[in-house]
1. Output the qualifying pairs, or none if there are none: Cβ atoms under 8 angstrom, residues six or more apart or on different chains, first residue in the range A:13-31 and assigned to a loop (DSSP other than H, G, I, E, B), second residue loosely packed, with under 14 Cβ neighbours inside 10 Å.
2. Are any of the residues in the range A:113-132 open to solvent by less than 60 Å² (accessible area, probe 1.4 Å), modelled with pLDDT of 90 or more, among the charged types (D, E, K, R) and not in a loop (DSSP other than H, G, I, E, B)?
3. Which one of these does A:Pro154 not meet: (1) at pLDDT 90 or above; (2) assigned to a loop (DSSP other than H, G, I, E, B)?
4. Looking at (1) free of Cβ contacts under 8 Å to residues at least 24 places away in the same chain; (2) touching a strand residue (DSSP E or B) at 6+ places or on another chain (Cβ under 6 Å); (3) outside any loop (DSSP other than H, G, I, E, B), which one does A:Val73 not meet, given that it meets all the others?
5. Report, by residue number, each residue of the range B:111-132 that is away from chain A (no Cβ under 14 Å) and open to solvent by less than 30 Å² (accessible area, probe 1.4 Å).
6. Report, by residue number, each residue of the range B:46-73 that is farther than 16 Å from B:Asp143 by Cα and away from every other protein chain (no Cβ under 14 Å).
7. Would you pick out the residues in the range A:8-41 that are exposed (fewer than 14 other Cβ atoms within 10 Å of the Cβ) and either among the charged types (D, E, K, R) or at pLDDT 90 or above (or both)?
8. Quick one: B:Tyr20 ticks every box in (1) within 13 Å of the ligand (Cβ to nearest atom); (2) open to solvent by 50 Å² or more (accessible area, probe 1.4 Å) bar one, so which box is it?
Amino acid sequence: MNSVELISALTTSLTYPDLLFIVDKDIAVVAIPASKVADLATELKTRPEFAFDMLTDLTAVDWLGKQTPRFEVVYHFYSTSHNHRLRVKAAVDEGQPVPSLTKLYSIANWFEREVWDLYGIKFARHPNLKRILLYEEFKGHPLRKDYPYDKRQPLEPETWPVRELQVQMEEGRKIHRP
Amino acid sequence: MALIQNNVCWGTPGDNILDYVLGWARKYSIFMYPFVTACCGMEYMSVASSHYDIDRFGAGLPRFSPRQADVLMVVGTVNNKLAPILKNVYDQMAEPKWVISFGACASVGGPYDNYAVLQGIDRVVPVDIYIPGCPPRPEVVLDGLMKLQRKIQEQKHEI
Ligand code: SF4
């Protein structure tokens with residue numbers, strides 16, 4: 001199916017309220033409230049006419065000050081049997097959990113951990129929701145628009161170490177092994 | 001005391017002949033540990049291969065074990081998760097040891113003033129020579145290497 005056919009098929013067969021369908025640069029887009037994401041994904045995966053059996057990407061956008069709710073979780077689905085794609089955008093506010101897709105797509109496990117790590121969006125019923133790229137002691141979520149770009153973390157060495165070598169250089173000659 | 005001609009430090013046997021001889025021997029037998037993490041590595045390869053030929057300075061053989069190396073050359077961006085590993089590598093090297101910081105990233109964090117990148121390796125290990133540039137020209141690297149050789153010649157040595 002091409003995007004327009006896909007959109008019309010989705011419009012006729014999906015029965016959720018508050019669904020918004022768009023074709024954006026040749027890809028079909030569905031906007032949906034975050035709480036419905038798991039139900040929608042189940043339907044997309046199990047119904048044979050859609051058969052979206054692959055989650056190619058899962059990421060998020062921070063629309064701080066531009067849009068409410070603040071975040072948008074973006075899913076890209078692909079069907080290996082029908083060769084069609086679908087983008088799903090789920091709007092979510094700060095602190096509000098999004099249903100996890102780990103039961104349906106195991107790759108969602110790491111994608112969701114990444115989104116949690118960098119944006120701080122929680123995923124409900126995720127088996128192991130902890131940081132994946134950054135270290136445990138990291139404070140904050142760096143891809144949020146209100147994270148200062150030059151903020152330093154508590155574990156980062158802020159001051160220079162005791163510079164034995166520099167002191168020795170000032171004395172004129174450097175000695176190794178004090 | 002050191003005699004410097006054409007930017008090459010020949011040294012003079014000053015008050016301690018042992019320092020002079022060991023310095024001479026050590027400056028011409030540098031074994032580098034290239035800690036290459038990013039795009040500066042291209043420039044390192046160019047320095048190391050035949051066109052610029054770092055072997056003219058006795059530094060031609062990179063050792064890929066820190067225990068066999070005596071100059072740690074940090075080439076490229078070091079991020080915060082890598083910093084403990086860099087420290088570990090430095091600690092594993094046997095004395096005497098020197099550190100070259102190659103490029104803007106290793107020296108001050110370079111263009112990356114953000115949450116991920118260490119703002120200069122001198123926050124973790126002591127640095128002898130900083131080579132500026134993004135990436136540095138091979139000539140600058142050779143200049144830095146010669147400066148390090150002068151430093152080795154002029155310093156006190158212990159066995
Ligand atoms: S100094 Fe420039 S060339 Fe070198 S690693 Fe950093 S960004 Fe790359």
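The values are calculated or read from the model by the stated rules, or taken from the named source; none is laboratory data. The shown structure was predicted, so the numbers you read here are calculated from the model rather than taken from an experiment. FYI the Cβ positions are ideal-geometry reconstructions off the backbone, even for glycines, and counts take in every protein chain you see. These area figures cover heavy atoms from the full protein model, side chains too; ligands, DNA and RNA do not enter into them. Shrake-Rupley method; radii C 1.70, N 1.55, O 1.52, S 1.80 Å.
1. Here the result reads A:Tyr16/A:Asp39, each pair linking the range A:13-31 to a residue that is loosely packed, with under 14 Cβ neighbours inside 10 Å.
2. yes
3. It is condition (1) that A:Pro154 fails.
4. (1)
5. B:Ile131
6. Passing the criteria: B:Ser49, B:Ser50, B:Leu61, B:Pro62, B:Arg63, B:Phe64, B:Ser65, B:Pro66, B:Arg67, B:Gln68, B:Ala69.
7. Within the range A:8-41, A:Asp18, A:Asp24, A:Lys25, A:Asp26, A:Asp39 meet the criteria.
8. Tallying (1) within 13 Å of the ligand (Cβ to nearest atom); (2) open to solvent by 50 Å² or more (accessible area, probe 1.4 Å), B:Tyr20 fails exactly one: (1).
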